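The values are calculated or read from the model by the stated rules, or taken from the named source; none is laboratory data. All of these numbers come straight from a predicted model, not from anything done at the bench. FYI the Cβ positions are ideal-geometry reconstructions off the backbone, even for glycines, and counts take in every protein chain you see. The protein model used for the area step is the full one, side chains on, heavy atoms only, and it has no ligands, DNA or RNA in it. Shrake-Rupley method; radii C 1.70, N 1.55, O 1.52, S 1.80 Å.
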Amino acid sequence: MRLVFAGTPEVAVPALDALIASDRHEVVAVVTRPDAPAGRGRRLVASPVAERAEEAGIEVLKPARPRDEAFLARLREIAPDCCPVVAYGALLPKVALDIPAKGWVNLHFSLLPAWRGAAPVQHAVLAGDEVTGASTFQIEEGLDSGPVFGVLTEEVRPTDTSGDLLTRLALAGAGLLAATMDGIEDGTLQPVPQPAEGITLAPKIEVEDAKVDWSTPALRVDRVVRGCAPAPGAWTLFRGERLKLMSVGLVPDRTDLAPGELAVTKKAVYVGTGSHAVELLWVQAQGKKPMRGADWARGVRIGEGERLGA
């Protein structure tokens, strides 16, 4: 099939690579979000998908909105058979959905109908799911509600951050998307409607959602830290300034600390929660580089009775 691939971040690149490598399909163009400011200089930078497509000599389309008439006209000229999508980042209007003969097919990083929305992997970690996965489905106007072509499962490991899990799903999902394209092309795959039960939503995680509540159990604190890593990053307040929490460890045998209360030893710094303590393994203070929790604690000279989150 003639394919137009839609995607934007680094997590979409493995799927693009898999389709470029396919001997059954041709990626004739790529659709991605417009160049965005990045770095200290806020210089405009192309998306990872755009950079990979340009390396491969593939036409890149960067519409400000996918309903822009110039973009729709070019898509009609290209006349793709199918448009595979991975984390494109914009809603597709019906007028665009109707252009490819076999529609648009999304690789979504959850076992649909669980975790429909922008942040399925983060919500799976936050919820303590033991298993998640990826699904390919036919895009329709509803939110991640279209019929499913195929799925794969992936264990959520106890120490997984969202970044760890998403990296594995992106690599495995690339093969699933390529296989889905094969099945659509040869007619061996037919999409199956999603169940009406088991629907959960996964909206974008905002910075305020990543603030740690020390009155919650240690297990919840750990999930927030892992689920919000690498972005937007879990955080708390210390002496009125934000402290980013990059990694914590569970300390079940320490129950003497009140929520947010700090305790420092020569080699570790502990914080009380609604259950038992956690150890601050890696943190990042404002304007500083990431450092071990014990090194941070020595540098700020924590006083008796000081707390996080106050």
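Working note: Debye formula, equal point scatterers on the alpha-carbon atoms of the chain, no solvent; log10 I(q)/I(0) at q = 0.09, 0.15 Å⁻¹ is -0.54, -1.10. With both residues required to sit in the chain, DSSP beta bridges show an antiparallel share near 70%. Normalised Debye scattering of the range 192-271 at q = 0.12, 0.17, 0.22, 0.23 Å⁻¹ gives log10 I(q)/I(0) of -0.44, -0.75, -1.10, -1.18, counting only Cα atoms as equal scatterers and leaving out solvent. Rolling a 1.4 angstrom probe over the protein heavy atoms with all chains in place gives the chain an accessible area of 48 Å² per residue. Surface composition of the chain: carbon plus sulfur atoms contribute 52% of the solvent-accessible area (1.4 Å probe, protein chains only, all chains present).
Only Cα sites of the range 154-203 enter the Debye sum here, all with the same form factor; the resulting log10 I(q)/I(0) across q = 0.16, 0.30 1/Å is -0.74, -1.01, listed in q order.
Its Cα gyration tensor gives the range 4-82 an equivalent ellipsoid; the semi-axes, largest first and in whole Å, are 22, 17, 9. Relative to its residue count, the range 3-43 spans a Cα convex hull of 69 Å³ per residue. Each distinct pair of alpha carbons in the range 9-162 adds a 1/r term; the inverse of their mean, the Kirkwood radius, is 16.8 Å. Total lysine pairs in the chain at Cα distances under 14 Å, for residues eight or more apart or on different chains: 4. Once the other residues with Cβ under 14 Å from the Cβ of Gly173 are scored (Lys, Arg +1; Asp, Glu -1), what is the net sum? For residues surrounding Gly173, the net value is -2.
Summary of packing: across the peptides 158-166, 220-228, the per-residue average of other C-beta atoms within 10 Å ranks them, highest first, as 220-228, 158-166. With a 1.4 Å probe rolled over the protein heavy atoms of all chains, the accessible area of Glu304, Glu59, Glu77 falls in the order Glu304, Glu77, Glu59, largest first.
As a rough guide to protection, the peptides 269-280, 87-98, 45-56 ranked by mean Cβ packing within 10 Å, highest first, stand as 269-280, 45-56, 87-98. Within the range 164-195, list the residues whose amide N lies under 16 Å from a label point set 7 Å along Cα→Cβ of Val151. Residues 173, 176-177, 190-195 qualify, since their backbone N sits under 16 Å from the label point. The calculated 222 nm mean residue ellipticity attributable to helices in the chain amounts to -7500 deg cm²/dmol, summing -39500 (n - 2.57) over DSSP H runs of n ≥ 4 and dividing by all residues. With a cut-off of 17 Å on the backbone N, the residues of the range 26-54 near the modelled label site 7 Å out from Glu10 along Cα-Cβ are 36-40, 45-53.
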